[in-house]
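Comments concern the structure below.
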Amino acid sequence: MRFLLSASMSHEAGNRLAKQGKLASTLQAVLESIKPEAAYFGDKDGKRTAFLIVDLPDASHIPAVAEPLFLALGADIDFTPVMVKEDLMKAAPAIEAAVKKFGS
């Protein structure tokens, strides 16, 4: 199942790593561990944030993705389930059934 993972690092951890010259290398090591399909960077609520697309076979893989972010970056994370176009097309019959049953 694909997730949009938002990982906002704490100011303390981010500033410490930046001052030590280790921010880029730490982030690179974390990304190599997680192996996201895509990675984007920006800010969220004023914090340095990585927006990652990860494809996990099941929920038991969440800690393997979350722990490097917690431990190395002091990150607050959010997992949001997302779909690619093909997933949405497969869901179309369920959407139509819900409309028939609950739509007015």
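Each reported figure results from applying straightforward, stated rules to the coordinates on display, with no laboratory input. Predicted model, so just to flag it, every value in this text is computed and none were measured. Ideal geometry is used to build each Cβ from the backbone, glycine not excepted, and the neighbour counts take in all protein chains shown.
May I ask you to verify whether Phe102 is exposed (fewer than 15 other Cβ atoms within 10 Å of the Cβ), aromatic (Phe, Trp, Tyr) and out of contact with any Leu (no Cβ under 9 Å at 6 or more places or on another chain)?
Details: exposed (fewer than 15 other Cβ atoms within 10 Å of the Cβ): yes; aromatic (Phe, Trp, Tyr): yes; out of contact with any Leu (no Cβ under 9 Å at 6 or more places or on another chain): yes.
Answer is yes for this residue.
Could you list all residues from the range 51-95 that are in contact with a strand residue (DSSP E or B) (Cβ under 7 Å, 6 or more places away or on another chain) and among the aromatic types (Phe, Trp, Tyr)?
Phe51, Phe79
Output the residues belonging to the range 26-48 that are of a type in the set (Gly, Ala, Ser), farther than 20 Å from Val82 by Cβ and surrounded by 13 or more Cβ atoms within 10 Å (Cβ to Cβ).
Here is the first cut: in the range 26-48, the residues of a type in the set (Gly, Ala, Ser) are 29, 33, 38-39, 42, 46.
Retained after the next criterion (residues that are farther than 20 Å from Val82 by Cβ): 29, 33, 46.
Once the filter is applied, which keeps residues that are of a type in the set (Gly, Ala, Ser), farther than 20 Å from Val82 by Cβ and surrounded by 13 or more Cβ atoms within 10 Å (Cβ to Cβ), the range 26-48 yields Ala29, Ser33.
Please give the helices (runs of 4 or more DSSP H) falling wholly within the chain in which 1 or more residues are under 17 Å from the mean Cα position of the chain (by Cα).
Details: elements: 11-20, 23-34, 62-73, 85-102.
In the chain, the matching helices (runs of 4 or more DSSP H) lie at 23-34, 62-73.
Which one of Leu4, Leu23, Leu73, Leu52 is surrounded by 10 or more Cβ atoms within 10 Å (Cβ to Cβ) and out of contact with any helix residue (DSSP H, G or I) (no Cβ under 8 Å at 6 or more places or on another chain)?
On the way: Leu23 fails: out of contact with any helix residue (DSSP H, G or I) (no Cβ under 8 Å at 6 or more places or on another chain); Leu73 fails: out of contact with any helix residue (DSSP H, G or I) (no Cβ under 8 Å at 6 or more places or on another chain); Leu52 fails: out of contact with any helix residue (DSSP H, G or I) (no Cβ under 8 Å at 6 or more places or on another chain).
Of the residues listed, the single one that is surrounded by 10 or more Cβ atoms within 10 Å (Cβ to Cβ) and out of contact with any helix residue (DSSP H, G or I) (no Cβ under 8 Å at 6 or more places or on another chain) is Leu4.
Regarding Ser10, is this residue surrounded by fewer than 16 Cβ atoms within 10 Å (Cβ to Cβ) and without any contact (Cβ under 8 Å) to a residue 12 or more places away in the chain?
Details: surrounded by fewer than 16 Cβ atoms within 10 Å (Cβ to Cβ): yes; without any contact (Cβ under 8 Å) to a residue 12 or more places away in the chain: no.
No.
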